[in-house]
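Chemist: Submitted below is the structure of interest, expressed as structure tokens.
The values are calculated or read from the model by the stated rules, or taken from the named source; none is laboratory data. Keep in mind the model is a prediction, meaning the values are calculated, not measured. Every residue, glycine among them, receives a Cβ derived from its backbone with ideal geometry; neighbour counts consider all protein chains shown.
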Amino acid sequence: MRAFFLATLMALGCAATQGPPQQAVIPPGKGELVLDAGGIEALDFIVYFQDTGKEVARIYGLRTYLDPGTYKIVVKTDLEDEIEIEDVQIAVGQERHVRVPVGRFMVNVFGAGTQEGGGTRRVQIPFLVYDYGMHKVLGRGMTSLQVQHFVAREGIYKVRITPMITSAQGFTTLHDIIRPVEVRFGTVYPVTIDLSTLVPARPGQEGQRR
């Protein structure tokens, strides 16, 4: 019995000293590029030699090993916009952390519920993303029935949807809805639009008031 307790204590002691798994060792002659994206789990980016402009690697993630030298990093977003970061120095055996000025936003559109008693439900509808002055379309998307995030450069944008709303009498009206979007590092900016507020009163409600 005593031997059993001693073995158990030794096993617990070993488990307590293991700690979290160690990170992979940087390969000999290489350095490591680490992108800081404020909580975004992965980015689509391309690495170029700074001097020659030659492409070195295309990566989906946040880390990659590189030979020592100076590089340019081009990060893709969900908009028609690329983020270029120049003069990234990579040294042998060292991690080079680079902050990428990106954030996320989400567009939630709700319509009138189908069940009796009202309520709302998520709806799918296309939307456009403009610069703040609405001079140029920077991207297109579709709202989702689930939570969906879009990656964009830090800044202020505008989101536009043009839903067709049909009244209880069968009349259809086109609405133009524009909302500002402030994309900040390390946060998710929510845009919520409730289309049920645009539906006119039902015909029976007027008769009840007479």
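Chemist: Assess whether GLY207 counts as being more than 16 Å from the chain's Cα centre (by Cα), at pLDDT below 75, over 30 Å from LEU35 (Cα atoms) and not basic (Lys, Arg).
Modeler: yes
Chemist: Which members of region 32-61 meet the condition of being touching a Phe, Trp or Tyr at 6+ places or on another chain (Cβ under 9 Å), part of a loop (DSSP other than H, G, I, E, B) and surrounded by 18 or more Cβ atoms within 10 Å (Cβ to Cβ)?
Modeler: Residue satisfying the conditions is ALA37 alone.
Chemist: I would also like to ask the following. In region 142-157, which residues are outside any strand (DSSP E or B) and surrounded by 13 or more Cβ atoms within 10 Å (Cβ to Cβ)?
Modeler: THR143, SER144, GLN148, HIS149, GLU154
Chemist: Separate question: Can you find a residue in region 102-121 that is touching a Pro at 6+ places or on another chain (Cβ under 7 Å), exposed (fewer than 15 other Cβ atoms within 10 Å of the Cβ) and modelled with pLDDT under 85?
Modeler: Within region 102-121, none of the residues are touching a Pro at 6+ places or on another chain (Cβ under 7 Å), exposed (fewer than 15 other Cβ atoms within 10 Å of the Cβ) and modelled with pLDDT under 85.
Listed here are the residues, each with its yes/no results for (1) modelled with pLDDT of 95 or more; (2) surrounded by 11 or more Cβ atoms within 10 Å (Cβ to Cβ); (3) assigned to a helix (DSSP H, G or I).
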{"residue": "ALA3", "(1), (2), (3)": "no, no, yes"}
{"residue": "THR8", "(1), (2), (3)": "no, no, yes"}
{"residue": "ALA11", "(1), (2), (3)": "no, no, yes"}
{"residue": "VAL25", "(1), (2), (3)": "no, no, no"}
{"residue": "THR64", "(1), (2), (3)": "yes, yes, no"}
{"residue": "TYR71", "(1), (2), (3)": "yes, yes, no"}
{"residue": "GLU80", "(1), (2), (3)": "no, yes, no"}
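Chemist: Can you name the residue in region 163-204 that is of a type in the set (A, V, I, L, M) and at pLDDT below 90 and, of all such residues, is surrounded by the most Cβ atoms within 10 Å (Cβ to Cβ)?
Modeler: Out of the qualifying residues, it is LEU195.
Chemist: State whether one or more residues within region 141-157 are small (Gly, Ala, Ser) and modelled with pLDDT under 90.
Modeler: Among the residues of region 141-157, at least one is small (Gly, Ala, Ser) and modelled with pLDDT under 90, which makes the answer yes.
Chemist: Could you please let me know if ARG99 is basic (Lys, Arg), surrounded by fewer than 16 Cβ atoms within 10 Å (Cβ to Cβ) and more than 16 Å from the chain's Cα centre (by Cα)?
Modeler: no
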